[in-house]
Amino acid sequence: MDTNIAQNRAKLSGKLTTVLDSRSLESTHKRLAEILTEGMTVLDVGCGTGSITRGIAEAVGPNGHVIGVDNNRNLIEKARKNHGHIPGLYFEIADSYNLSFNQQFDIVTSSRLLIWLSDPLKALEMMVKAAKIGGRILIVDYNHEKISWEPQPPSSMLNFYSAYLRWRSEAGMDNSIADNLPQMFQNLGLKDITIIPHHEVIKRTEPDFQTRIGIWADTASSRGPQMEQDGFTSKKEYLHAEREYRHWMIHNAQSLTMYMLGIEGTRVV
């Protein structure tokens, strides 16, 4: 599989870029928040705009050492601008397939990254190499095939979502990566592997409900043009899906559950 196809399709655009800024260590990477201690060294792979990485640096304190890496120069520049003043925090432009680190970190982590890669095992191998012997690998990611809306959204969105999964799969991305990670951890020799449910549940009773459940309307508007260019949808179809979904959000939607797992393992060799 040509990794360039997946990399091009993974590039964020439009309204989806704001999703990265809204994430935080405590709200979207809870297991990592639990195991961080003062003075740790941590590598955050696929750090985006650095909102989670900043939380990591604040948790390990000025005696710790945290590096966030991403292959998107614009995102790294934004991360440096917004969070570069935090003591012990550094951002670098780097490809997850070609990390240069070797046995340097107590924890190596990524959040919602591997689902966008055509060769996630290679990237995971690089992350394992970056961890110290006895260090931990912690990956949080989705299985997009197990998404659940209540009630079902309009058929136009269900059709768009189905096309979205095909578009991703055709580029070599694994839509069910969360459930495949434990075996990948075993294949790379990691031990003490644990699986932690990390599902994102969005309910109407929550104050940010409309913003969070709107991720799929934003996906239609932002990914739609890419998918149209690649022959997986039409402008009429993705605009119709966005419009009907936004109406459903306001008048009918009760909840959305995005299936996600945290997979943790220890490097022993």
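The values are calculated or read from the model by the stated rules, or taken from the named source; none is laboratory data. Note that the structure is a prediction, hence the values are computed from the model and not measured. All Cβ positions, even for glycine, are placed from backbone atoms using ideal geometry, and neighbour counts span all protein chains on display. With ligands, DNA and RNA removed, areas are computed over all heavy atoms of the protein, side chains included. Shrake-Rupley method; radii C 1.70, N 1.55, O 1.52, S 1.80 Å.
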Residues of region 53-75 being within 24 Å of ASN8 (Cβ to Cβ) and either out of contact with any Cys (no Cβ under 8 Å at 6 or more places or on another chain) or open to solvent by 10 Å² or more (accessible area, probe 1.4 Å) (or both), in sequence order, are ASP70, ASN71, ASN72, ARG73, ASN74, LEU75
Counting only residues that are touching a Ser or Thr at 6+ places or on another chain (Cβ under 7 Å) and within 20 Å of ASN175 (Cβ to Cβ), region 127-143 contains a total of 3
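In region 99-171, which strands (runs of 3 or more DSSP E) lie fully inside it and hold 2 or more residues that are open to solvent by less than 20 Å² (accessible area, probe 1.4 Å) and either free of Cβ contacts under 8 Å to residues at least 12 places away in the same chain or among the hydroxyl-bearing types (Ser, Thr, Tyr) (or both)?
Values: elements: 105-111, 131-142, 148-150.
Once the strands (runs of 3 or more DSSP E) in region 99-171 are filtered for at least 2 residues that are open to solvent by less than 20 Å² (accessible area, probe 1.4 Å) and either free of Cβ contacts under 8 Å to residues at least 12 places away in the same chain or among the hydroxyl-bearing types (Ser, Thr, Tyr) (or both), what remains is 105-111.
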Picked from region 197-217 (must be within 16 Å of the chain's Cα centre (by Cα) and not in a loop (DSSP other than H, G, I, E, B)), the residue surrounded by the fewest Cβ atoms within 10 Å (Cβ to Cβ) is PRO197
Taking region 178-222 and keeping residues hydroxyl-bearing (Ser, Thr, Tyr) and within 24 Å of LEU32 (Cα to Cα) leaves THR194
Within region 14-41, residues open to solvent by 40 Å² or more (accessible area, probe 1.4 Å), outside any helix (DSSP H, G or I) and either at pLDDT below 80 or not β-branched (Val, Ile, Thr) (or both) come out as ARG23, GLU38
Residue hits (region 246-269; closer than 21 Å to ILE115 by Cβ and either over 24 Å from the mean Cα position of the chain (by Cα) or hydroxyl-bearing (Ser, Thr, Tyr) (or both)) are THR257, TYR259
Counting only residues that are of a type in the set (Gly, Ala, Ser) and in contact with a Gly (Cβ under 6 Å, 6 or more places away or on another chain), region 105-159 contains a total of 2
Within region 60-79, residues in contact (Cβ under 8 Å) with a residue 24 or more places away in the chain and out of contact with any Asp or Glu (no Cβ under 8 Å at 6 or more places or on another chain) come out as PRO62, HIS65, ASP70, ASN72, LEU75, LYS78
Determine, yes or no, whether LEU181 is in a helix (DSSP H, G or I) and either free of Cβ contacts under 8 Å to residues at least 24 places away in the same chain or of a type in the set (Val, Ile, Thr) (or both).
no
How many residues of region 220-265 are open to solvent by less than 50 Å² (accessible area, probe 1.4 Å), closer than 18 Å to VAL201 by Cα, out of contact with any Pro (no Cβ under 8 Å at 6 or more places or on another chain) and in a helix (DSSP H, G or I)? The answer is 1
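Using the structure shown, decide if THR49 is among the β-branched types (Val, Ile, Thr) and either buried (at least 16 other Cβ atoms within 10 Å of the Cβ) or modelled with pLDDT of 85 or more (or both).
On the way: among the β-branched types (Val, Ile, Thr): yes; either buried (at least 16 other Cβ atoms within 10 Å of the Cβ) or modelled with pLDDT of 85 or more (or both): yes.
Yes: the conditions hold for THR49.
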Of the conditions (1) among the acidic types (Asp, Glu); (2) more than 23 Å from THR28 (Cβ to Cβ); (3) in contact (Cβ under 8 Å) with a residue 40 or more places away in the chain, the single one that GLU228 does not satisfy is (3)
